[in-house]
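First the structure, in the form of structure tokens, and then the observations on it.
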Amino acid sequence: MNNSKYIFFNVVTLISLIVASHSVSYARKTSFEVDQKESKVGFMVKHKITKDVYGGFRNVEGNVTFDKKQNSIVNIEAKIDVNSIDTGNSKRDRHLKSPDFFDANNFPFIVFESSDVKKLENGKYIVRGLLTMRGVTKNITLRGERKKNINNKMIFSAESLIDRQDFGISWNRPFQKIAGMMVSNEVKILLNIKVKEI
């Protein structure tokens, strides 16, 4: 075999191996999408006057990539419609959509993209990623758990704590009865996401 044929043969072999490797990797990964009707993206913030305020977003879409060989989630992406916020109080919801808080007209979506997914024991996970809210992107950490329901759908529940000031959500009001502000800066994120295979 002369040199040109030998080189050509090796190039073809290398390309075939790369293609085969990618095919195997793709085959073992499964994509899931968020079931909007059965998923909840919520939050809780402490309030000095009323009880702790719980709320959520009715419209969320996203994808989860699952590696069958590792039996593990490897990527999470989500997009939340700010205008779907619901705290059970329409006046408060309008205020939360205003420039004082989420500024929904200028920043209609909240986006999360995972950068590192670490599987622990018993279905537990630590998920690190980028949260973009009100035009500001910050690293956050979710601590969660993967389960399956009776219909064999995957459920991912998780929590995280963020400081709303980090995202430019700074509105507050002094509370005169005690030293301090009316609304806490610390916000707890509460996720209960059900996904279905695409």
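From the set of residues in region 126-141 that are surrounded by 16 or more Cβ atoms within 10 Å (Cβ to Cβ) and touching an Asp or Glu at 6+ places or on another chain (Cβ under 7 Å), which is nearest to MET44 (Cα to Cα)?
Top of the filtered list is ARG134.
Is at least one residue of region 105-115 touching a Phe, Trp or Tyr at 6+ places or on another chain (Cβ under 9 Å), modelled with pLDDT of 95 or more and part of a strand (DSSP E or B)?
The answer is yes, given that some residue of region 105-115 is touching a Phe, Trp or Tyr at 6+ places or on another chain (Cβ under 9 Å), modelled with pLDDT of 95 or more and part of a strand (DSSP E or B).
Could you tell me whether any residue of region 101-116 is over 13 Å from the mean Cα position of the chain (by Cα) and closer than 16 Å to ALA158 by Cα?
no
Within the bounds of region 66-74, is there any residue that is touching a residue at least 24 places away in the same chain (Cβ under 8 Å), touching a helix residue (DSSP H, G or I) at 6+ places or on another chain (Cβ under 7 Å), under 24 Å from PHE32 (Cβ atoms) and buried (at least 18 other Cβ atoms within 10 Å of the Cβ)?
Looking for residues that are touching a residue at least 24 places away in the same chain (Cβ under 8 Å), touching a helix residue (DSSP H, G or I) at 6+ places or on another chain (Cβ under 7 Å), under 24 Å from PHE32 (Cβ atoms) and buried (at least 18 other Cβ atoms within 10 Å of the Cβ), one finds none in region 66-74, hence no.
Quick check, is SER31 assigned to a strand (DSSP E or B), modelled with pLDDT under 95 and hydroxyl-bearing (Ser, Thr, Tyr)?
Yes, satisfied.
Can you tell which of ILE80, ILE110 is of a type in the set (A, V, I, L, M, F, W, C), over 18 Å from THR65 (Cβ atoms) and touching a helix residue (DSSP H, G or I) at 6+ places or on another chain (Cβ under 9 Å)?
On the way: ILE80 fails: touching a helix residue (DSSP H, G or I) at 6+ places or on another chain (Cβ under 9 Å).
Step by step, each of ILE80, ILE110 is checked, and only ILE110 is of a type in the set (A, V, I, L, M, F, W, C), over 18 Å from THR65 (Cβ atoms) and touching a helix residue (DSSP H, G or I) at 6+ places or on another chain (Cβ under 9 Å).
Starting from region 168-188, keep only residues that are farther than 13 Å from ASP52 by Cα, then list their pairs with residues that are at pLDDT 75 or above and loosely packed, with under 13 Cβ neighbours inside 10 Å whose Cβ atoms are within a distance under 6 Å, requiring at least 6 positions of separation or different chains.
These pairs meet every condition: GLY168/VAL136; TRP171/ASP100.
What do you reckon, is THR87 of a type in the set (Val, Ile, Thr), touching an Asp or Glu at 6+ places or on another chain (Cβ under 7 Å) and at pLDDT below 95?
Yes.
Anything in region 60-102 that is of a type outside the set (A, V, I, L, M, F, W, C) and in a strand (DSSP E or B)? List them, or say none.
Scanning region 60-102 gives GLU61, GLY62, ASN63, THR65, ASP67, SER72, ASN75, GLU77, LYS79, ASP81, ASP86.
The values are calculated or read from the model by the stated rules, or taken from the named source; none is laboratory data. Because the structure is predicted, anything quoted here is derived from the model rather than measured. Reconstructed Cβ throughout: ideal geometry from the backbone, glycine too, with neighbour counts over all protein chains shown.
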